[in-house]
């Protein structure tokens, strides 16, 4: 894939939403819509993105135990 | 589903102070001659008279979910996408869904309030109304706020092309305004989104909401629109609202009618992104926060 492409891929994730993924000109992998399951993957793909650690921390604030 | 419980006294007090019942009455009666947004179409949304946005008195939601994208400080956020929009931005990434004013489920304020209460109880920090243009639904947002029985951490992701009357209705209910200041000139606003008087409306409204809650101003960098859009937007903010949080959005992708468009049908180049970042830095904008998706 070229680094200056507008091409994008769409994936449907477990909770039913559609996430768009594309390669930015600067080499980052951009996700439009980031659900909790994708944060760890996004971190692996974008090791220089300092926000992802905080996004992962935010995901941990959500309790799956409460109704 | 969360069982309805008595709200904490301090929260209940806040809700009462906002006088939601009176506001709901004003918001709903105003739909008979709609001036919710600056299109000021005057349509009677109560009897189905066609408005440019296509909205009636009911609101629909085409998507709701937990999100970890965009503004980090608002996360985890629960997003409620309300159908219908007053703009037709050629590059709208939600266009296929949000332009249809009846897309999705009809909002039942009691049911939605219970769902949002459940999300908050699970740890959600922000309830974000998005669209479409959520500001076209002040009556519904107020109904949901009333049904919640407690003050909710509501954020509005908005194009802010709204009348002062609508902003007054939402004052105090909305805690965070995330405003997309999209165009730097009336000419670009007209050609890309089909609206008039854009610049004056935005600058008036930004001054209003800056006094009313947390304000985050975003600008999506569009290819070929650095000098005509980003530059005047950034310079105005630097001159008039220098303390406001400013976010340069770099994730533009050509969507809807921008696909195949000679000017908008590409992503921003690396040199455009670098020039834009340099401009924001040179103006000394308060741009430390991060809004992009990753």
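Just so it is clear, none of the values below were taken in a lab; they were calculated from the coordinates. A quick note: this is a predicted structure, and the numbers were derived from the prediction, not measured. Cβ coordinates were reconstructed from backbone atoms using ideal geometry, including for glycine residues, and neighbour counts include every protein chain displayed.
Here are some notes:
- Any hit, segment B:231-238, residues being surrounded by 15 or more Cβ atoms within 10 Å (Cβ to Cβ), closer than 29 Å to residue B:96 by Cβ and within 14 Å of chain A (Cβ to nearest Cβ): no
- When residue B:168 is tested against (1) free of Cβ contacts under 8 Å to residues at least 40 places away in the same chain; (2) over 24 Å from residue B:229 (Cβ atoms); (3) surrounded by 24 or more Cβ atoms within 10 Å (Cβ to Cβ), just one condition goes unmet, and that condition is (3).
- The criterion of at least 1 residues that are closer than 18 Å to residue B:129 by Cβ and in contact with a strand residue (DSSP E or B) (Cβ under 8 Å, 6 or more places away or on another chain) is met by the following helices (runs of 4 or more DSSP H) wholly inside segment B:141-253: B:164-170, B:198-210.
- Filtered by the rule that a residue be in a loop (DSSP other than H, G, I, E, B) and either within 14 Å of another protein chain (Cβ to nearest Cβ) or closer than 18 Å to residue B:160 by Cα (or both), segment B:102-130 gives B:104, B:122, B:123, B:124, B:125.
- Looking at B:46, B:75, B:68, just one residue is more than 13 Å from every other protein chain (Cβ to nearest Cβ) and farther than 30 Å from residue B:191 by Cα, and that residue is B:46.
- Of the residues making up segment A:16-43, those that are within 20 Å of residue B:269 (Cβ to Cβ) and out of contact with any strand residue (DSSP E or B) (no Cβ under 7 Å at 6 or more places or on another chain) are A:25, A:26, A:27, A:28.
- Given (1) over 17 Å from residue B:94 (Cα atoms); (2) assigned to a helix (DSSP H, G or I), number of the condition residue B:257 does not satisfy: (1)
- Identity of the residue in segment B:239-276, surrounded by fewer than 18 Cβ atoms within 10 Å (Cβ to Cβ) and within 19 Å of residue A:23 (Cβ to Cβ), that ends up farthest from the other protein chains (Cβ to nearest Cβ): B:249
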